[in-house]
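Please treat every number below as a calculation from the coordinates, not as lab data. Quick caveat: nothing in here was measured; it's all calculated off a predicted structure. Heads up, the Cβs are rebuilt from the backbone with ideal geometry, glycines too, and the neighbour counts pull from every protein chain shown.
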Amino acid sequence: MAERFRPGGDLMRLLTTVALAAATLCAVAVPSHAAPSGQVGATPFVQIYDPSVGETKPWYINDHTFVQDAQGTWHLFGITHTEPADAEDEDSFAHATAPSLTGPWTKRPPALTVSPAYGETYLWAPHVIRDGSTYYMFYAGGGADPAKNAINLATSTDLYTWTRLPSGPLFRDGAVARDPYVVRIGDKWVMYYTATSDPNGGNHVVAYRTSTDLVHWSDRSIAFTDPTSGFGAGNTESPFVVYTNGAWHLFIGPRSGYAGTDVFRSADPFRFATDQLAGHVFSHAAEVVHTGGRWWVSHAGWGQRGVWLATLDFGSGSQQYAPEASSDPGGRVVVVSGVDGRQEVFAGGKDQVWGRYQTVRNGTWSDWYPLGGPKSASLTAARNVDGRLELFASGDGRVDRRAQSAPNVWQGWENFGTAAHDLTVAQNADGRLEVFASGPVGVHHRWQTSPGGSWAGWEAFGGPADSVLATGREADGRLDVVAAANGTVHRRRQGVPSGGWSGFETFGTVPGVTHVALNRRENGALELVAGGVAATSKRVQDGPSGTWSQWTGFGGPPRSRVHIGRNADGRMEVFATNGTTTEHRWENGSGWSAWETFGAGTSGAGFGVNADGRMEIVAGAPNGSLVGRYQLAPSGGWSQWTPVGGPALG
């Protein structure tokens, strides 16, 4: 269930004086500042509910809704069916309860089943709100003729027993109306839903109607029109509208793949346009919730193994978040965030791999502990969609892998094959991890066949031999791979999110290129920095998934390894280190600062982000001892370097 808003009467008051209805999840004052320029995005998703547990067959949840009752218990309702999916046979609504939005969730008997008396052969997309002591469930119910799709209503006083409106459907919309979402705006209720511009097809649109009593609804109007057209399923499904950070935000999908939701930002809740794209979330059937001082977004669907949840950031940098999978190539030290927001550090010692972890989020650290594995290893790590970490170590002539069987529970090492000059791991838009390794005959890669699942074998990927690698994920979900060697940079990217790959293209020259790094800017554009024989160079996209600038000199120390960090307020910060010095520069509001000495040179450095947005660095000094440095406040100044113990790096 989303927050419900009761602004004043006319549109101007609506845009400037928003107050939450009595049933909101959390009281939030309307900001007086303009909408931020940052991109809306989310952290990696964590599974919170699997409807297959205790069943003899796998089940899925698709379009769903959350609501919290007066006693504080959370309720989940959604489309459900056994796998494989059969949309025309989805004849009941799942129901589950939990003490917290994050769980644990308990499966309950179905909340509603089809009623032939209402002409229902399937039930789709429930949305539940509370007004006073009554809960209202709006849903799409229909039969074989999509031109007669109905938006129906059932009510309840306890969220367990539901009664359909005796007078029948609220309305029928010949343009395949479905996926209702109801919110209070001004002095009226507003229902957004997906449809097409014409009863026989036309453009995919988000339609809306208004009501004063939740039963009688106006004729429809159009809030958003997409250039695509057709009759049936489209890319304006699951509309969800919320007000925050001085603007209205429309979430719709599936876009750029099944697990893809675009976010559009507007000053007018009844007018959104395609040129107002403000971000992308790797989610299907996204629901947005504000509770506990944080924004959340959910994900579910066919073949998705239940319901998933992620922290949502509207681009202000104000939300606590954990970073996406590292875009840095392999290094002697790697930092990755666990499912609970605590960071873990792994270091490739002369004798084996060592690890340590935060005992509390943003806080103190455990002692170092031995992890085994190859000597003098180069490491990379990532987090699965279900929260389990995976660690990859290149050493002793091959790549080894060690994965968690559950969050914070490690399995043993396994031989993962192939030798690697450089190594990196990325996360696809659908959640599958993909590993890239460069070697004497070019780059190879292997990938998970399903999110968090088993791995395909190594496959040749092309590109230069013994190259340095970096990966990044564009705003539309496609992965980019950069491979550089012998002064030339090469780039390859996916044709569609989580899909096949284009060929490598020459991406310019950086004399004596020593290292490359990618990260996504606040506006969704990728930024690429390369270390070279004389200094660093960089290229940047002109916008989300946009065209690239030419290479420009960026200064800094020669022959360096580079890292691109993003502060909690969205400003980028670049670090460059070689065997002599470490330097950094950052965006300061009017451009980039000058390079500043940040410490002595290192033989390996890992970069992480705390749950509160503060960056943290663990690095190996030339003599092998490890030191650490962290931001004192999100986007703020840095602590001094402090010894942190640990192994001598190989």
What's the FRET efficiency of Asp187 with Ser229 using the Cβ-Cβ distance as r and R₀ = 51 Å, to the nearest 0.05?
0.90
Where labels lie 7 Å past Cα in the beta-carbon direction, separation of Ala534 and Thr580 in nm
1.6
Percent antiparallel among DSSP beta bridges confined to region 342-447, nearest 5, equals 100
For the chain, whose charge dipole is built from +1 on Lys and Arg Cβ atoms and -1 on Asp and Glu Cβ atoms, the candidate among Phe607, Leu112, Ser197 with its Cα farthest towards the positive end is Phe607
Mind checking which aspartates and glutamates have their C-alpha under 20 Å from Lys188, skipping anything on the same chain fewer than 8 residues away?
Glu3, Asp10, Asp131, Asp179, Asp213, Asp219, Asp268
Charged-residue dipole, Cβ positions (Lys, Arg, Asp, Glu), region 434-491 about Cα centre, Debye nearest 20
20
Give the lysines reachable from Lys57 as a straight Cα distance under 21 Å; neighbours fewer than 8 places away on the same chain don't count.
Lys107
Mean separation of Cα contacts under 8 Å (at least 6 apart) over the residue count of the chain, i.e. the relative contact order in percent, is 9
How large is the dipole of region 422-572 about the Cα centre if only Lys and Arg carry +1 and Asp and Glu carry -1, each at its Cβ, rounded to the nearest 20 debye?
240
Expected sort for 461-474, 483-496 on mean C-beta neighbours within 10 Å, highest first, is 461-474, 483-496
Dipole magnitude of the chain about its Cα centre, charges +1 at Lys/Arg Cβ and -1 at Asp/Glu Cβ only, in debye to the nearest 20?
1180
For region 43-178, shape from the Cα gyration tensor axes a ≥ b ≥ c, cut at a/c of 1.5 then a/b versus b/c, turns out oblate
Extension gain Ser625-Asn486, at 0.36 nm per residue separation less the Cα-Cα distance, in nm?
46.9 nm
Which cross-chain or sequence-distant (5 or more) residues have an amide H under 5 Å from the amide H of Asn362, H modelled 1.01 Å from N in plane?
Gln343, Ala611
Could you work out how much longer the chain between Arg271 and Asp351 gets when fully extended? Use 0.36 nm per residue separation minus the Cα distance between them, nm to one decimal.
22.6 nm
Charge dipole of the chain about the Cα centre (unit charges at C-beta), most positive-ward option of Gly279, Trp365, His127
Trp365
How fast does region 336-455 diffuse by Stokes-Einstein, in µm²/s, taking the Kirkwood radius from C-alpha pairs at 20 °C and 1.002 mPa s?
146
Could you list which residues have their amide H under 5 Å from that of Thr418, counting only those 5 or more apart in sequence or on another chain, with H placed in the peptide plane?
Val399
Environment charge of Gln47, counting only residues whose C-beta is closer than 10 Å and scoring Lys/Arg +1, Asp/Glu -1:
-1
Hey, which aspartates and glutamates would be in cross-link range of Lys375, C-alpha to C-alpha under 19 Å, not counting anything within fewer than 8 residues on its own chain?
Asp351, Glu390, Asp396, Asp400, Glu414, Asp422
In nm, give the distance between the simple-model label positions of Gln411 and Thr364, each being 7 Å from the Cα along the Cα-to-Cβ direction.
3.4
Globularity ratio of the chain, using Cα Rg and 2.2 N^0.38 Å
0.99
Spatial separation of Cα centroids for region 496-573 and region 375-390, in angstrom
23
Set Lys and Arg Cβ to +1 and Asp and Glu Cβ to -1, take the dipole of region 462-613 about its Cα centre, and tell me which of Met572, Pro558, Ala483 lies farthest positive.
Ala483
Compute the length gained on full extension between Asn200 and Ser590: take 0.36 nm times their separation in residues and subtract their Cα-Cα distance, giving the result in nm to one decimal.
135.2 nm
Skipping prolines and chain starts, which residues have an amide H placed within reach, meaning under 5 Å, of the one on Ala600, given they are 5 or more residues away or on another chain?
Thr582
Expected sort for 596-603, 536-543 on mean C-beta neighbours within 10 Å, highest first, is 536-543, 596-603
Once the other residues with Cβ under 12 Å from the Cβ of Thr157 are scored (Lys, Arg +1; Asp, Glu -1), what is the net sum?
-2
HN-Hα J couplings of region 354-366 from phi, Karplus 6.51/-1.76/1.60, θ = phi - 60°, integer Hz, Gly and Pro as x?
10, x, 8, 8, 6, 7, 9, 4, 6, x, 6, 10, 6
Ranked highest first by average number of other Cβ atoms within 10 Å, how do 298-308, 498-508 line up?
298-308, 498-508
14 Å beta-carbon shell around Ala535, net charge (K/R +1, D/E -1):
+3
Between region 146-197 and region 43-106, what is the separation of their alpha carbon centroids in Å?
20
